[in-house]
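K.L.:
What follows is a single structure, and I will ask about it in a moment.
The values are calculated or read from the model by the stated rules, or taken from the named source; none is laboratory data. Being a predicted model, the structure only gives us computed values, none of them experimental. FYI the Cβ positions are ideal-geometry reconstructions off the backbone, even for glycines, and counts take in every protein chain you see. Only protein heavy atoms, including side chains, enter the accessible area calculation; ligands, DNA and RNA are left aside. Shrake-Rupley method; radii C 1.70, N 1.55, O 1.52, S 1.80 Å.
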Amino acid sequence: MEVLIEADVDQAASEETVEPVNKSVIKAMALLTELGWHPAGITATELAHKMRMSRPTVFRLLLSLTQTGFVEKTEGKYRLGWKVARLGRRADPYAGLIAQVQPSLEMLAGELNETINYAVVNGETAFELIAEASGSRLITLSAAYIGMELPLHASAMGKLMLAELSDERVRQVVPKSLARLTPRTIATMPALLDHLTTVRAQGYAMIDDELEESLYSLAVPIRAAASGALIGLLSITGPSPRLRTVDPAVFAARLRTAADHLSGKLTGARQQP
């Protein structure tokens, strides 16, 4: 019996060393990630082109994911299914944090009558938009960006993250080839570095038709009261034609007041045992 147990242990250790990788699972997860960028849906052919996979492989994976509820198909287009949303709610690591910031977001959204967003900082260049509140405007933005990975060079929050770094570090973490998402997107490293100098000086970042046409956003940092460490990002977002009529300094000043309030609230909560 002992010999058999030892043999089983040796076999398990050998299997762990090999670390077999299931390529189909990796491809399926890559498809789900790409589908997350297309809330309105995307065809299998378009998906195959974007993922650089063969059409038969994509069709096979989509069929399995559709049958299990992770993907749904409507009028020939595929999008994330109900099961992804259900798992996301169960795995949400920010539920407690959202509950703390949501009242402040709703108050600010009501005052400014625009959409207010909050993102948590997870690393040197990592942040995640986790909460928002909308004003009473008829023309507002949907929650399509919640949980999405926003481009550092073409989002107000991303620019704030980069402004925390030295120019040398920015060159290291930002791709040399910057995606031009609209005609107004900053698409060269010299232009980006020059822009970040302005962001550092004014203490806020903004985009105007840079991530999407007719999309405007202005963001300010939220820092820990004691250390000054960047812990969150707060922004106002809305249609460019409407928001650009207001002096950016006005939005920045109001957002800074809210950011200071959230800083004390969140820092205090983190210090509790």
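K.L.:
Quickly rank 152-159, 126-133 as a protection proxy: mean count of other C-beta atoms within 10 Å, highest first.
P.N.:
152-159, 126-133
K.L.:
So, for segment 66-125, what is the accessible surface per residue at a probe of 1.4 Å, expressed in square angstrom?
P.N.:
Normalised by residue count, the accessible surface of segment 66-125 is 56 Å².
K.L.:
What order, most packed first, do the peptides 162-169, 104-111, 232-239 have when packing is the mean number of other Cβ atoms within 10 Å of each residue?
P.N.:
In decreasing order of mean packing, 162-169, 104-111, 232-239 become 232-239, 104-111, 162-169.
K.L.:
Further, regarding this structure: Mind putting a number on the dipole of segment 154-217 about its Cα centre? Charges go on the C-beta only, +1 for Lys and Arg and -1 for Asp and Glu, and I need it in Debye to the nearest 20.
P.N.:
240
K.L.:
Still on this structure, please answer the following. Accessible area per residue for segment 199-268 in Å², computed with a 1.4 Å probe and the full protein assembly in place, what is it?
P.N.:
38
K.L.:
If you plug each phi of segment 208-224 into the Karplus form 6.51 cos²θ - 1.76 cosθ + 1.60 with θ = phi - 60°, what whole-Hz ³J(HN,Hα) values come out, in order, with x for Gly and Pro?
P.N.:
Whole-Hz 3J(HN,Hα) from phi for segment 208-224: 9, 6, 9, 8, 9, 4, 6, 10, 10, 8, 10, 10, 10, x, 10, 10, 4.
K.L.:
Once neighbouring chains are kept in place and the probe is 1.4 Å, which whole percent of the accessible area of segment 183-273 is contributed by carbon and sulfur?
P.N.:
It is 57 percent, rounded to a whole number.
K.L.:
Students sometimes get this wrong: rank Thr57, Thr257 by accessible area, probe 1.4 Å, all chains present, largest first.
P.N.:
Output order, biggest surface exposure first: Thr257, Thr57.
K.L.:
Among the lysines, which fall within straight-line cross-link reach of Lys176, defined as a Cα-Cα distance under 25 Å, with same-chain neighbours fewer than 8 residues apart omitted?
P.N.:
Lys50, Lys159
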